[in-house]
1. The conditions are (1) touching a Ser or Thr at 6+ places or on another chain (Cβ under 8 Å); (2) within 16 Å of the ligand (Cβ to nearest atom); (3) in a helix (DSSP H, G or I), and Ser203 fails exactly one of them. Which is it?
2. For region 278-291, state whether one or more residues are outside any helix (DSSP H, G or I), open to solvent by 30 Å² or more (accessible area, probe 1.4 Å) and not polar (S, T, N, Q).
3. Does Asn128 fit the bill of being at pLDDT below 90 and within 16 Å of the ligand (Cβ to nearest atom)?
4. Within region 275-282, does at least one residue satisfy the condition of being out of contact with any Gly (no Cβ under 9 Å at 6 or more places or on another chain), within 25 Å of Ala246 (Cβ to Cβ) and at pLDDT 95 or above?
5. Go through region 328-377 residue by residue and tally those that are at positive phi and in contact with a Pro (Cβ under 7 Å, 6 or more places away or on another chain).
6. Residues that are of a type in the set (A, V, I, L, M, F, W, C), in a loop (DSSP other than H, G, I, E, B) and either more than 22 Å from Ala39 (Cα to Cα) or at pLDDT below 85 (or both): does region 93-112 have at least one?
7. Out of all the residues in region 16-71, which are of a type in the set (Gly, Ala, Ser), in contact (Cβ under 8 Å) with a residue 40 or more places away in the chain and surrounded by fewer than 23 Cβ atoms within 10 Å (Cβ to Cβ)?
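The values are calculated or read from the model by the stated rules, or taken from the named source; none is laboratory data. The model shown is predicted, which means the values in this text are computed figures rather than measured ones. Every residue, glycine among them, receives a Cβ derived from its backbone with ideal geometry; neighbour counts consider all protein chains shown. Only protein heavy atoms, including side chains, enter the accessible area calculation; ligands, DNA and RNA are left aside. Shrake-Rupley method; radii C 1.70, N 1.55, O 1.52, S 1.80 Å.
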Amino acid sequence: MKKAALHNLGCKVNAYETEAMRQMLEKAGYQIVPFTDHADVYVINTCSVTNIADRKSRQMLHRAKKENPASIVVAAGCYVQTSPEAAKADEAIDIIIGNDRKHELIQLIEEYDGLREKRVLTELCDINEPGRTYETLSLERTAEHTRAFLKVQDGCNQFCSYCVIPYARGRVRSRLSEEVAGEVKRLAANGCREVVLTGIHLSSYGTDHGETLLDLIRRVHEVQGIRRIRLGSLEPGIITEEFVGALAGMEKVCPHFHLSLQSGCDETLRRMNRRYDTAQYEKKCSLIRSYYEHPAITTDVIVGFPGETEEEFERTKEFLQRIQFYEMHIFPYSPRKGTRAAVMEGQIPESVKKTRSESLLKLAKDMSQVFRSYYIGKEEEVLLEEKVQIGAEEYYTGYTREYVRVAVQSEQTAENQLRCGIITGQLTEGVYRMQNDFA
Ligand code: SF4
């Protein structure tokens, strides 16, 4: 039996596509082995969100070819879309697959295996060509048993000044909600209890075919067996009274909103070409809090964006404190070749970016602590995922609806089960203890 190994870089959309390609290879009779093993075929789903991601993508491609020089090395995804010439010239790569031809993986490998001629098979499409249709991939089951990340949308039309993704992923295109519901039914039948709807720009879901994200969520909400629905990263623009009001009426939808902010300073937001200001963003958070008692609002923040003065940074920090996020992902700005921001004046020294990141990481840690400790003494529901050792004891751990990680002791097997109990306190860094109400 031929062996295949896969490696995923980057976001949840990439992770979904890599899982789909893994299941295609299995169906075609390949034995899937760890990436460090000797294999006949290596598939690397690359990322290009930063220059570092490009470098890591190249490293994994070269590592594969070094492990087995006779293997077929497939480079898929964003790096080959943004650096096609470099990819074509790279001796380690045998097959290049663009961001809308992954469904042809098996056929391309078989064709290549026959010809053994370098890279004659796939020419990279112009991913930015308007009117491209959504490339349907699908999962029969999830890599993890409990939760499935489900890609429902691709592409982005926002063109934030620091971002290369629209050039790597093309224009917005979305999957029909009927197809998504079909996949969710299959996953639920295979024991999946929670789905995370994700995309490159989820907030643009359906703008290409007329359905809305709310239509999609309603459809997934009807699927028997699915107990929880989470949403991937959202933009403030989609947070309307109608949207939040409808979500609050659907009990499976978890009160966990990742609302991408990037900066808490209006001048910086303008240079980023973001489509909102801090006042609008704050209103959206208040709207969410008007429908949910204690929703988890999380976000992304870029520090050290070109032109960010000390005063602008302090304004961002004050704004973050005012919103009181549950979690913040802090990214020091890294110039991305081909973007407008990379050639902007006022590039910030790395040492300053480091200081500012450390300051916000400390703030993020403090705010998370405050958010989690709110639940001490409260009854919460957890979806248990795995058995782990914490100190000398064994626990099952999982997440509450607000994505707080909790640990429970149980005699019975408890993976993939929903349970309720009282949160009694912090057990270890970032993990809270739930009293074992169900013996
Ligand atoms: S919304 Fe902006 S940051 Fe997000 S993928 Fe699109 S261009 Fe990039």
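1. For Ser203, the exception is condition (1).
2. Looking through region 278-291, none of the residues is outside any helix (DSSP H, G or I), open to solvent by 30 Å² or more (accessible area, probe 1.4 Å) and not polar (S, T, N, Q).
3. Details: at pLDDT below 90: yes; within 16 Å of the ligand (Cβ to nearest atom): yes.
So Asn128 fits the description; yes.
4. Kept after step one, since they are out of contact with any Gly (no Cβ under 9 Å at 6 or more places or on another chain), are these residues of region 275-282: 277, 279, 282.
Restricting the remaining residues to those that are within 25 Å of Ala246 (Cβ to Cβ) gives 279, 282.
Retained after the next criterion (residues that are at pLDDT 95 or above): 279, 282.
Within region 275-282 (the criterion being out of contact with any Gly (no Cβ under 9 Å at 6 or more places or on another chain), within 25 Å of Ala246 (Cβ to Cβ) and at pLDDT 95 or above), the answer is yes, since at least one residue qualifies.
5. First, the residues of region 328-377 that are at positive phi: 338, 346, 377.
With the extra rule that they be in contact with a Pro (Cβ under 7 Å, 6 or more places away or on another chain), the set shrinks to 346.
Here the count works out to 1.
6. First, pick out the residues of region 93-112 that are of a type in the set (A, V, I, L, M, F, W, C): 93, 95-97, 105-106, 108-109.
With in a loop (DSSP other than H, G, I, E, B) added as a condition, the list becomes 93.
Applying the additional criterion that residues be either more than 22 Å from Ala39 (Cα to Cα) or at pLDDT below 85 (or both) yields none.
Scanning region 93-112, I find no residue that is of a type in the set (A, V, I, L, M, F, W, C), in a loop (DSSP other than H, G, I, E, B) and either more than 22 Å from Ala39 (Cα to Cα) or at pLDDT below 85 (or both), so the answer is no.
7. If we filter region 16-71 for residues that are of a type in the set (Gly, Ala, Ser), which is where we start, we get 20, 28-29, 39, 48, 53, 57, 64, 70-71.
From the residues that got through so far, the ones that are in contact (Cβ under 8 Å) with a residue 40 or more places away in the chain too are 20, 28, 48, 53, 57, 64.
Answer for region 16-71, where residues must be of a type in the set (Gly, Ala, Ser), in contact (Cβ under 8 Å) with a residue 40 or more places away in the chain and surrounded by fewer than 23 Cβ atoms within 10 Å (Cβ to Cβ): Ala20, Ala28, Ala53.
Listed here are the residues, each with its yes/no results for (1) more than 16 Å from the ligand (Cβ to nearest atom); (2) free of Cβ contacts under 8 Å to residues at least 60 places away in the same chain; (3) of a type in the set (Asp, Glu); (4) surrounded by fewer than 22 Cβ atoms within 10 Å (Cβ to Cβ).
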| site | (1), (2), (3), (4) |
| --- | --- |
| Ala148 | yes, yes, no, no |
| Tyr162 | no, no, no, no |
| Tyr167 | no, no, no, yes |
| Leu176 | yes, yes, no, yes |
